[in-house]
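Novice: Got a structure here, written out as structure tokens. Questions coming.
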Amino acid sequence: MTQADPSKFFDQEKAAGYDQRWAGMAAINDAQHLLLKGILSTLGPQARLLCVGAGTGAELLALAAAFPNWQFTVVEPAPGMMQVCRRNAEAQAITQRCTFHEGYLDSLPQTEPFDAATSMLVSHFLVDREQRNRYFAEIARRVRPGGLVVNSDLATDMTSAQYEQLVRHWVSLHQWVGLETKTDHLGREVALLSEDEMKSLLIESGFVSPTLTFQALLIRTWVSEVPA
Ligand SMILES: C[S@@+](CC[C@H](N)C(=O)[O-])C[C@H]1O[C@@H](n2cnc3c(N)ncnc32)[C@H](O)[C@@H]1O
């Protein structure tokens, strides 16, 4: 089974309204970006970052503002999202530090290894485990030994006793911030893996020391390393 074309979920119209639509979740994104900045600050003032599934550029913009000498390679397959990302990067005057690749990671020309990579709210769209494994392995292959990889995904154990409550709270949060509240896509169009399954997947894909660093209801963020 292959992934549904992201440009269908993230078409021109959705891309144009994306930042506005998710503005109510800004506090969660800000917390994620604060952790990203703190954890990746160990890379030092000069670093090369790979941002996979950068969307409209949320993590790119946060990191570029905090680290004025870092260089970024931005990978995004949905043309509408990439267009907004470029516009946001221009508004923040960071385009000279960015290489934009519209497409999937496997079509990115070979480069020097990156110091770190981010994959924020992307990999859960790869519901097929093999495909998701290849996605993370491709990231691992492009990061230098000892480099860091941060991935944030929707994830939870669907068989746990708390699953129903967690989804109920997830719906309440979406209603509170004025977002669509559908849940029938969970576990179908969006993969939900337990903590153990996620850890195994990351290790199988070539990472070591996957560490769960953040959770906000269904959102979970891991930091892993590429073996030194
Ligand atoms: C929910 S958005 C998150 C965007 C951004 N990272 C953020 O946190 O705001 C997911 C993005 O991942 C992209 N995407 C989906 N599948 C992908 C894949 N296989 N490789 C790279 N990007 C993908 C989508 O086009 C979309 O822009």
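The values are calculated or read from the model by the stated rules, or taken from the named source; none is laboratory data. Since we're looking at a predicted model, the values are computed, not measured. As a convention, Cβ positions derive from the backbone with ideal geometry for all residues, glycine included, and neighbour counts pool all protein chains shown. When the accessible area is computed, the model is the full protein with side chains, heavy atoms only, and any ligands, DNA or RNA have been set aside. Shrake-Rupley method; radii C 1.70, N 1.55, O 1.52, S 1.80 Å.
Novice: When ranked by the protection proxy of mean other Cβ atoms within 10 Å per residue, highest first, what sequence do the peptides 11-24, 38-51 form? Don't skip to the answer; put the middle values down first.
Specialist: On the way: 11-24: 14.3, 38-51: 16.9.
Going by the mean number of other Cβ atoms within 10 Å, highest first, we get 38-51, 11-24.
Novice: Something else now. Which cross-chain or sequence-distant (5 or more) residues have an amide H under 5 Å from the amide H of Met120, H modelled 1.01 Å from N in plane?
Specialist: Amide H neighbours of Met120: Val52, Ser152.
Novice: So if we plug the beta-carbon distance of Lys37 and Arg188 into 1/(1 + (r/R0)^6) with R0 = 41 Å, what FRET efficiency do we get, rounded to 0.05?
Specialist: Working: r = 34 Å, r/R0 = 0.83.
In this case the efficiency is close to 0.75.
Novice: If I require 15 Å or longer along the helix axis, counting alpha carbons, and a Kyte-Doolittle average no lower than 0.0, what helices from the chain are left? Use full DSSP H segments.
Specialist: On the way: long enough: 26-40 (20 Å, 0.77); 79-91 (18 Å, -0.57); 129-142 (20 Å, -1.92); 163-176 (20 Å, -0.66).
Span-like helices, by this rule, are 26-40.
Novice: What ranking do 162-175, 112-125 get when scored by the average of other Cβ atoms within 10 Å per residue, highest first? If you can, show how the numbers build up before the last one.
Specialist: Working: 162-175: 13.9, 112-125: 21.2.
By packing density, highest mean first, the sequence is 112-125, 162-175.
Novice: For labels at Gln46 and Ala216 in the simple 7 Å Cα→Cβ model, what's the distance in nm?
Specialist: 3.5
Novice: Probe radius 1.4 Å, ligands and nucleic acids ignored: give me the carbon and sulfur share of the accessible area of the chain as a rounded percent. Mind showing how you got there, number by number?
Specialist: Details: 5850 of 10990 Å².
Ligands and nucleic acids excluded, carbon and sulfur give 53 percent.
Novice: Trp176 versus Asn69, label points 7 Å from Cα toward the beta carbon: distance in nm?
Specialist: 4.2
Novice: What percentage of all Cα-Cα pairs in the range 6-225 are separated by more than 23 Å?
Specialist: Working: 10837 of 24090 pairs.
Here the tail beyond 23 Å accounts for 45 percent of pairs.
Novice: Can you return the lysines within cross-link range of Lys37? Criterion is Cα-Cα under 25 Å, with same-chain partners fewer than 8 residues away left out.
Specialist: Cα-Cα hits under 25 Å: Lys199.
Novice: Tell me, what is the FRET efficiency for Ala16 and His169 to the nearest 0.05, using R0 = 41 angstrom and their Cβ-Cβ distance as r?
Specialist: Details: r = 30 Å, r/R0 = 0.72.
After rounding to 0.05, the efficiency reads 0.85.
Novice: Suppose only helical runs count, i.e. DSSP H with n ≥ 4. What mean residue ellipticity at 222 nm does that imply for the chain under -39500 (n - 2.57) per run, divided by all residues and rounded to the nearest 500 deg cm²/dmol? The partial results should precede the final answer.
Specialist: On the way: 8 runs with 89 residues, N = 228.
Dividing the helical sum by the residues of the chain leaves -12000 deg cm²/dmol.
Novice: Which cross-chain or sequence-distant (5 or more) residues have an amide H under 5 Å from the amide H of Asp157, H modelled 1.01 Å from N in plane?
Specialist: Distant-sequence amide H within range of Asp157: Glu195.
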